[in-house]
Amino acid sequence: MQIVIIGNSIGAVSAIREIRKWDQQSSITVISREVLDQKTPYYSPVVLPYYIEGVLSKENLFSIRYEFYKSMNVDLKLGERVIAVEPDEKVVVTEKSRYRYDKLLIASGASPRILDIPGARNKRVYVLRTYEDAEKIKSDESDEVVIIGGGPVGVESAIALLKSKKKLTIIEIAPYILSTVFSRRVSEMIESQLVEKGIEILKDEEPIEITGNPVKSVKTNKRKIKCSSVIMGVGVVPNTDFVKDVLKLGPRNGIIVDEKMQTSEPDIYACGDCVELKSAIDGSIRPFPVWPNAQETGKVAGANIVGQEMIYEGGIRVNALNVFEKVYFSIGNVHDESKLGKMIERDGILEFYYFEGEKLIGAEIIGDVKYVGLIKHLIRRNIRIDLDRFKGLSDFFPFTAPLSIPHKAQERVHLWS
Ligand SMILES: Cc1cc2nc3c(=O)[nH]c(=O)nc-3n(C[C@H](O)[C@H](O)[C@H](O)COP(=O)(O)OP(=O)(O)OC[C@H]3O[C@@H](n4cnc5c(N)ncnc54)[C@H](O)[C@@H]3O)c2cc1C
């Protein structure tokens, strides 16, 4: 069988690992548009901020080497952009060639959204998604940087640039930063840490124009902020243009997949940030553009491609953010204050649990990440919890020590590869 995979990030790698568990015979061709060194063809976007900060070397950023692809017997086509898929012919078309497939996996991820405002594509307006983006931000010598968007990418970019003593301003359109990830309460804890380090945060404010080419200022609905570069971190859009006429897409342009990661075409599978799938919590169909979902859906797609039935039990948003040695972890639905069922403070760890009746729907934990798997399991399996007797998850495992995301950048690379 000829298996073709579009993309070479965590969704793809996770699928390759699963495919080769069951099938040594099929050919696997991976096509990726990024031009990278063939000897070090993989990095995780998650750790790019550490590279910008300078705590992760270029050598250590590229965490999976050519030997991996060789051992998995993968034919790697780097620097080739896919421009179309022809399901009737079972062919993938790139700018350079055509590849026949029996089974196709689309793991093309997502790209940064660009705001539709004047100046958004001017010189020194950066985004952060790829190694090339990180290099541009790292080598920029501006003293004053405006970061548009106070989401995880905006906040991590600001933290990464702190050491370089630049004047940093984050503009956030919502009433509080990280509003898609944390509750207002937790977001404000993070905000006070950032402000203490000198980052200016403007909330409830909308950027309306970037002036100068190269950049000179950002105009908002309230003021004009002088700066010489901008980082735009306002969410992502799925990379699905090349299949928009042949596969069923959802309202946010993600590829619609079933629980086996099969698309509307039976021999085409998709995984990761380019898909929209069912939420494990409320059944709504939407993207879950986070690393653990890309890793899990890649594995499910890989298994089903080689005929090993595996089911994905539904998307759950999971985010962990390291803010100066403190880890903030959030999972599921944490935005409805009225659903906050329990708050526990113990041994320096702060836990917030959100419930719908007896069902856990979300949690925020400050200082510990070891319960990620357990919370996911409780949410997905609809396990009933007696709120009166519930004393937090550490009650189930009283002897385990708190677990944080490792502080050393190098250890984090292993976590996210
Ligand atoms: C700075 C940053 C920090 C992040 N931090 C976190 C975090 O803390 N926690 C978390 O869970 N997630 C985080 N994420 C998100 C995480 O990186 C993504 O969810 C994950 O990388 C998605 O993996 P993927 O395989 O679906 O796609 P991607 O990583 O987007 O990779 C897509 C691949 O497809 C290729 N491709 C795209 N289009 C084409 C085409 N037309 N032809 C050929 N190849 C193509 C690309 O070159 C790439 O190889 C972060 C992202 C960034 C940028």
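What follows is calculated from the coordinates using simple rules that are stated; it is not laboratory data. Please read all numbers here as calculations on a predicted model, not as lab measurements. Backbone-built Cβ (ideal geometry, glycine too); neighbour counts: all protein chains shown.
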query: Pairs 260/359; 123/226; 342/376; 166/222: which exceed 19 Å Cα-Cα?
result: 260/359; 166/222
task: For n ≥ 4 DSSP H runs only, could you compute -39500 (n - 2.57) per run for the chain, divide by its residues and tell me the 222 nm figure to the nearest 500?
output: -6500 deg cm²/dmol
query: At a Förster distance of 25 Å, what's the computed FRET efficiency of residue 325 paired with residue 387, Cβ-Cβ distance as r, to 0.05?
result: 0.15
query: Which Cα, out of 146, 127, 87, lies furthest along the positive dipole direction of segment 74-158 (beta carbon charges, K/R +1, D/E -1)?
result: 87
statement: Full extension between residue 340 and residue 264 adds, at 0.36 nm per residue less the Cα distance, a length in nm of 23.5 nm
- request: Give me the net charge of residue 337's neighbourhood, meaning all other residues with Cβ under 9 Å from the Cβ of residue 337; Lys, Arg count +1, Asp, Glu -1.
  value: +2
- request: Pop the C-beta distance of residue 144 and residue 57 into the FRET formula with R0 = 30 Å and round what comes out to the nearest 0.05.
  value: 0.65
statement: Protection proxy (average C-beta count within 10 Å per residue), highest first, orders 345-352, 211-218, 10-17 as 10-17, 211-218, 345-352
- request: Just need log10 I(q)/I(0) for the chain at q = 0.07 Å⁻¹, Debye formula, equal scatterers on the alpha-carbon atoms, no solvent, rounded to two decimals.
  value: -0.35
- prompt: Once the other residues with Cβ under 12 Å from the Cβ of residue 276 are scored (Lys, Arg +1; Asp, Glu -1), what is the net sum?
  reply: +2
Using a Förster distance of 25 Å, the FRET efficiency for residue 284-residue 22 (Cβ separation, nearest 0.05): 0.20
